[in-house]
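Written below as structure tokens is the structure these notes are about.
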Amino acid sequence: MATHPLATREQWLAARLELLDAEKALTRHSDELARRRQALPWVKVDKPYHFDTADGPATLVELFQGRSQLLVYHFMFGPDYSAGCPSCSAIADGFDGIVVHLAHHDVTLCAVSRAPLEKLRAYQRRMGWRFPWASSKDSDFNFDFNVAFTQEQQRVGDIDYNYGRGEPALDASCIPETMTRFAARCGTDAPTFARDRPGLSTFIREGDVIYHSYSTYSRGLDALWNMYAWLDRAPLGRNEHGLWWRRHDEYEA
């Protein structure tokens with residue numbers, strides 16, 4: 001017997017139309033937020049950044065691949081990881097299908113991580129991905145855009161992530177169990193794992209002059225999780241009990 005409320009088709013339709021009004025209001029609000037994002041002022045990027053890519057060394061302007069806009073996904077894959085973050089991996093599973101559409105709309109999507117290129121390339125082959133992925137291992141890029149932190153910052157609690165300075169110092173007494181589990185799945189310990197964070201930063205180019213336009217972190221990335229957009233429309237929703245997701249090659253058959 002069903003445990004969820006039941007209704008006639010007419011009752012369901014009435015409830016659905018009421019929900020539709022709320023959905024349309026949310027869509028309009030989302031459209032307005034998108035306009036406000038695009039209206040943010042730009043900040044000129046004066047610092048030179050250098051990356052390692054599959055095509056050789058590259059500057060930030062070269063990551064644009066000749067286009068005027070660049071979306072950088074800050075993929076959690078630190079120098080001491082043996083594999084990429086499972087959450088970032090779930091998000092990145094959706095990249096290959098959209099990079100070609102973005103490229104034909106004057107937008108380049110590129111992942112950037114601090115791990116050396118050879119680790120990124122090996123993991124990319126394992127996952128079967130083809131999207132551009134650059135290593136920033138010898139660059140301040142991740143630190144400057146607040147997705148990488150030093151041991152000293154962890155020790156004193158000087159972490160400015162998701163626009164909130166003052167994250168508590170990380171020690172054994174305050175390490176979440178979920179962080180320890182995720183760290184183990186990346187072949188490292190929790191403090192090392194937590195020195196890299198996920199995020200999205202966007203840039204625009206006018207000639208060789210680059211401007212930073214937007215960055216978001218933490219749950220600001222929810223919209224990039226394709227699976228959640230689908231689960232939010234499934235009968236039981238996200239229906240989450242702990243860290244249920246895996247890398248796509250780790251699920252049992």
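The values are calculated or read from the model by the stated rules, or taken from the named source; none is laboratory data. Model, not experiment: these values are computed from the prediction. Neighbour counts are summed over all protein chains in view; Cβ atoms, including those assigned to glycine, are modelled from backbone coordinates with ideal geometry.
Just a yes or no: is a residue in region 17-38 of a type in the set (A, V, I, L, M, F, W, C) and not in a helix (DSSP H, G or I)?
Looking only at region 17-38, we keep the residues that are of a type in the set (A, V, I, L, M, F, W, C), and these are 17, 19-20, 22, 25-26, 33-34.
Narrowing further to those that are not in a helix (DSSP H, G or I): none.
Among the residues of region 17-38, not one is of a type in the set (A, V, I, L, M, F, W, C) and not in a helix (DSSP H, G or I), which makes the answer no.
Filter region 214-234 down to residues that are exposed (fewer than 12 other Cβ atoms within 10 Å of the Cβ), more than 10 Å from the chain's Cα centre (by Cα) and within 21 Å of Pro86 (Cβ to Cβ), then give me how many there are.
Let us first name the residues in region 214-234 that are exposed (fewer than 12 other Cβ atoms within 10 Å of the Cβ), namely 219, 230, 232-234.
Checking which are more than 10 Å from the chain's Cα centre (by Cα) leaves us with 230, 232-234.
With within 21 Å of Pro86 (Cβ to Cβ) added as a condition, the list becomes 230, 232, 234.
Count: 3.
Give me the residue from region 214-253 that is outside any helix (DSSP H, G or I) and on the phi > 0 side of the Ramachandran plot and, out of that set, modelled with the lowest pLDDT. Outline the logic, then answer.
Going residue by residue through region 214-253, those that are outside any helix (DSSP H, G or I) are 214-217, 225, 232-253.
Now narrow it down to the ones that are on the phi > 0 side of the Ramachandran plot: 237, 239, 242.
Details: Gly237: 94, Asn239: 92, Gly242: 83.
The qualifying residue modelled with the lowest pLDDT is Gly242.
Among the residues of region 51-67, is there at least one that is of a type outside the set (A, V, I, L, M) and either modelled with pLDDT under 95 or touching a Cys at 6+ places or on another chain (Cβ under 7 Å) (or both)?
Narrowing region 51-67 to residues of a type outside the set (A, V, I, L, M): 51-53, 55-57, 59, 62, 64-67.
Next, from what is left, pick out any that are either modelled with pLDDT under 95 or touching a Cys at 6+ places or on another chain (Cβ under 7 Å) (or both): none.
For region 51-67, residues of a type outside the set (A, V, I, L, M) and either modelled with pLDDT under 95 or touching a Cys at 6+ places or on another chain (Cβ under 7 Å) (or both): absent.
From the list Thr59, Thr108, which residue is surrounded by 19 or more Cβ atoms within 10 Å (Cβ to Cβ) and hydroxyl-bearing (Ser, Thr, Tyr)?
Numbers: Thr59 fails: surrounded by 19 or more Cβ atoms within 10 Å (Cβ to Cβ).
Only one candidate qualifies: Thr108.
Kindly provide the set of residues from region 34-66 that are basic (Lys, Arg) and touching a residue at least 60 places away in the same chain (Cβ under 8 Å), ordered by number.
Within region 34-66, Arg37, Lys44, Lys47 meet the criteria.
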